[in-house]
Amino acid sequence: MSAGGMFATPPKQPAVRLVLARHGEALGNRELRYLGRTDAPLTPRGEAQARLLATALSGIPAAAIYSSPLRRAHDTAEAIGAELGLGVATDRALREQDFGAWENLTRAEVLARDRTRLAAWEGGADTAPEDGEAPYALRERVVACANTLAARHPGATIVLASHVGPIKALICAALGLPPSGAFRMWLDPASYSVVDWRPDGAGILRAFNATAHLSDLEG
């Protein structure tokens, strides 16, 4: 081997394009309740949103669809899969953040019961709700999932049907932001975002919170 070959930079693994689909509206979303492990179903409006999202994504060259096991995400993924002619694989790493003692509470209710912990959490500290999951733990599991899928589908486009927490965590990681950056982002139900992802940590955000497909429903 020549010296040049020995010290040559190895080629980067092709990025995988992640289409990050948030589920349609679920019971509790309108009240902005903390829905983590709670297996809330889609509302009728959420089902309609999921169908519109599926139509919007019907033309993408997706190689696979992966979904959180929670039914609000999985039902959304099934609608997308029906349009794309793909089955849905379930991956627990795509589940929502576990909010522990805050499950099903509104922010106002948490503020009344756990003000100090909530302030620390919203202030960027790696603080978990009691019996819940901390932001860095969430980030670690979704980044590990993205790395696994990037190695499995190099250069491909795949759909991940998930929730606000995991989607924001992946976007923050792709942009080199701390987990607290999620508090400066808003994701609508049945929106989608697009990230080109490499296991080396390099990420490019191509679309964020796309919702044009929902305009007829909103009207």
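Observations on the model:
- Restriction of the chymotrypsin sites (Phe, Trp or Tyr not before Pro) in region 183-213 to DSSP coil positions whose beta-carbon has at most 14 other beta-carbons within 10 angstrom yields 186.
- Descending semi-axes in whole angstrom, ellipsoid equivalent of the chain, from the Cα gyration tensor: 30, 24, 14
- Shape call, region 5-110: gyration tensor on alpha carbons, a/c limit 1.5: oblate
- Looking at the chain, the DSSP beta bridges with both ends there are about 45 percent antiparallel.
- Cut-off under 5 Å, modelled amide H: who pairs with residue 37 long-range: 99, 100
- Note on region 95-154: Cα-Cα pairs beyond 15 Å make up 55% of the total pair count.
- For the chain, size of Cβ-based charge dipole, Lys and Arg +1, Asp and Glu -1, in debye: 420
- For region 72-193, diffusion coefficient by Stokes-Einstein and Kirkwood Rh (Cα), 37 °C, 0.692 mPa s, µm²/s: 209
- Prolate/oblate/rounded label for region 128-219 (Cα gyration tensor, a/c 1.5): oblate
- FRET E, pair residue 183, residue 82, Förster distance 25 Å, beta-carbon r, rounded to 0.05: 0.15
- Evaluated with a Cβ-only charge set (Lys, Arg +1; Asp, Glu -1), region 13-109 carries a dipole of roughly 160 debye about its Cα centre, given to the nearest 20.
- Mean separation of Cα contacts under 8 Å, 6 or more apart, over the residue count of the chain: relative contact order %: 30
- Look at the alpha carbon pairs under 8 Å that are at least 6 residues apart: their mean separation over the length of region 89-219 gives a relative contact order of 23 percent.
- Residues in the chain average 47 Å² of solvent-accessible surface per residue, probe 1.4 Å, ligands and nucleic acids excluded.
- Burial order of peptide ranges 58-66, 167-175 (average beta-carbon count within 10 Å, highest first): 167-175, 58-66
- Computed [θ] at 222 nm, helices only, for the chain once each DSSP H run of length n ≥ 4 contributes -39500 (n - 2.57): -11000 deg cm²/dmol
- Length gained on full extension, residue 122 to residue 216, computed as 0.36 nm times the residue gap minus the Cα-Cα distance: 30.4 nm.
The values are calculated or read from the model by the stated rules, or taken from the named source; none is laboratory data. Just so we're clear, the structure is a prediction, and the values are computed from it rather than from any experiment. Backbone-built Cβ (ideal geometry, glycine too); neighbour counts: all protein chains shown. Quick note on the areas: whole protein, heavy atoms, side chains included, nothing else; ligands and nucleic acids left out. Shrake-Rupley method; radii C 1.70, N 1.55, O 1.52, S 1.80 Å.
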